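Have a look at the structure below, then the notes.
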Amino acid sequence: MAGNLTAGGGEDLLGNANGKSANNNSLVVSFGEFLIDFVPTVGGVSLAEAPAFKKAPGGAPANVAVCVSRLGGTSAFIGKVGDDEFGHMLANILKENNVDNSGMRFDHSARTALAFVTLRADGEREFLFFRHPSADMRLHESELDINLIKQAKIFHFGSISLIEEPCKSAQLAAMNIAKKSGSILSYDPNLRLPLWSSAEAARKGIMSIWDHADLIKVSEDEITFLTEGGDPYDDNVVMKNLFHPNLKLLIVTEGPAGCRYYTKTFKGKVPGIKVKAVDTTGAGDAFVGGLLSSLASDLNLLQDEKRLREALAFANACGALTVTERGAIPALPTKQAVYDALTKHHAS
């Protein structure tokens, strides 16, 4: 099953329909926040109880960009960090992982964002953000690398950049440029309620760009939140509330259980791979990176259910492998590791 997957290096079956140069016909551009996560050195404690913290690069859009690159694809990241030690460290991490960081900007008067994250003994994640404001919130439309955005076969973004101006206007402008250039728009809302002024503001903000996306990935919790208590396992709830007329693919991730997929013509479920979870940070981003790397090499997957299911099995394996190690970026898998995991899974 895994043998005929092409995650990144495959032929572009659409040719150069969008007038893009041949070497960029599979470029995935991620837009949004890039920050430093501080994670306790021991598990199962609250932030207040943690004896010490380890720093790790974080930020969903950046994780996705690194994941695509690690799987053999071509990716770039657009966002803003502080002109500080942490900001330059993050820019170097992208470079080390072969991600084009030419769209990154450095702010002289705001710091790189910090987030303290822990998984408490009761299994709940606890977040404490330092963004007052942080550099990522201060990206201006005038600072966008328009040529880079125009080259994107897939333009990927979240909702955190929609919380404050000026980065909200910058994101909307970037989405507009990408759309006009023929890019597929990929959206992972990545709900972080503590960052929004209220639950209502979060719901409204996340849904404000919903109808612009061609591809959306949501978690079960996010469905319950966005539908104000709707059953995330009820296909009618999902289709009625979240599937819009221009959507090409809606994915619902279910953690270790795998994912569900919905298109205009078919829907189904692809089971996950069982692994021993160490740290779930970045699992959703690895899933998205895995899916986008397959789609970037062949958008026709969206019309072919059998091959879409293979791409989703690949994406599930990317997510599963990421939870077996601590931290998001360090744990992101290579294409070979994913193939090995899928082969082992099918053999068992």
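The values are calculated or read from the model by the stated rules, or taken from the named source; none is laboratory data. Predicted model, so just to flag it, every value in this text is computed and none were measured. As a convention, Cβ positions derive from the backbone with ideal geometry for all residues, glycine included, and neighbour counts pool all protein chains shown. Just so you know, the surface numbers come from the protein's heavy atoms only, side chains and all, with ligands and any DNA or RNA stripped out. Shrake-Rupley method; radii C 1.70, N 1.55, O 1.52, S 1.80 Å.
Whole number please: convex hull volume per residue, Cα atoms of region 164-232, in Å³. Please list the in-between numbers first.
Numbers: hull volume 5.7 nm³, N = 69.
Once divided by residue count, the hull of region 164-232 is 83 Å³.
Computed 3J(HN,Hα) for region 218-227, one whole-Hz value per residue from the Karplus formula 6.51 cos²θ - 1.76 cosθ + 1.60 where θ = phi - 60°, is 10, 9, 4, 4, 5, 5, 4, 5, 5, 9, glycine and proline marked x. Relative to one another, the C-alpha centroids of region 101-148 and region 311-348 are positioned 27 Å apart. The convex hull drawn around the Cα atoms of region 33-117, when projected onto a plane and averaged over every direction, covers 6.0 nm². Legend: P(r) of the chain from all alpha carbon pair distances, 20 Å bins from 0, whole percents, reading 32, 62, 6. Reachable lysines from residue 248, Cα under 24 Å, same-chain residues fewer than 8 places away excluded? Residue 248 reaches 20, 150, 153, 179, 180, 204, 217, 240, 264, 267, 269, 306. Close amide H pairs (under 5 Å, H built 1.01 Å from N) link residue 75 with 28, 100, residues at least 5 positions away or on another chain. The portion of the accessible surface of the chain made up by carbon and sulfur, rounded to a whole percent, is 52 (1.4 Å probe; DNA, RNA and ligands excluded).
Among the trypsin sites (Lys or Arg not before Pro) within region 263-338, those in coil by DSSP and having at most 14 neighbouring Cβ atoms inside 10 Å are 264, 274, 276. Within a Cβ distance under 14 Å of residue 160, other residues only, what is the Lys/Arg minus Asp/Glu net charge? Once all neighbours under 14 Å are counted, the net charge is -3. Over the chain, accessible surface divided per residue gives 42 Å², non-protein components excluded, 1.4 Å probe.
Entry note, the chain: relative contact order of 19 percent, from Cα contacts under 8 Å with a spacing of 6+ residues.
In percent, rounded to a whole number, the relative contact order of region 79-233 is 17, using alpha-carbon pairs under 8 Å and six or more apart.
Which residue fluctuates the most in the chain, going by a Gaussian network model with Cα springs under 10 Å, if the choices are 319, 73, 44? In this elastic network of the chain, the residue with the biggest mean-square fluctuation among 319, 73, 44 is 44.
Defining a contact as two alpha carbons under 8 Å apart and six or more residues distant in sequence, what relative contact order in percent does region 269-348 show?
Working: 102 pairs, mean separation 32.6, N = 80.
Result for region 269-348 is 41 percent.
About the centre of its Cα atoms, the chain shows a dipole size close to 620 debye [charges on the beta carbon of Lys, Arg (+1) and Asp, Glu (-1) only; nearest 20 debye]. When the square roots of the Cα gyration tensor eigenvalues are ordered a ≥ b ≥ c, the ratio a/c for region 158-291 is under 1.5, which makes its shape rounded. Using alpha carbons only, the radius of gyration of region 241-348 set against its Kirkwood radius gives Rg/Rh = 0.97.
What residue among 293, 197, 169 has the largest mean-square fluctuation in a Gaussian network model of the chain, using Cα springs under 10 Å? Greatest mean-square fluctuation among the candidates belongs to 197. Going by a ≥ b ≥ c, the root eigenvalues of the Cα gyration tensor, does region 107-155 fall in the rounded group (a/c under 1.5), the prolate group (a/b larger than b/c) or the oblate group? Taking the square roots of the gyration eigenvalues as a ≥ b ≥ c, region 107-155 is oblate.
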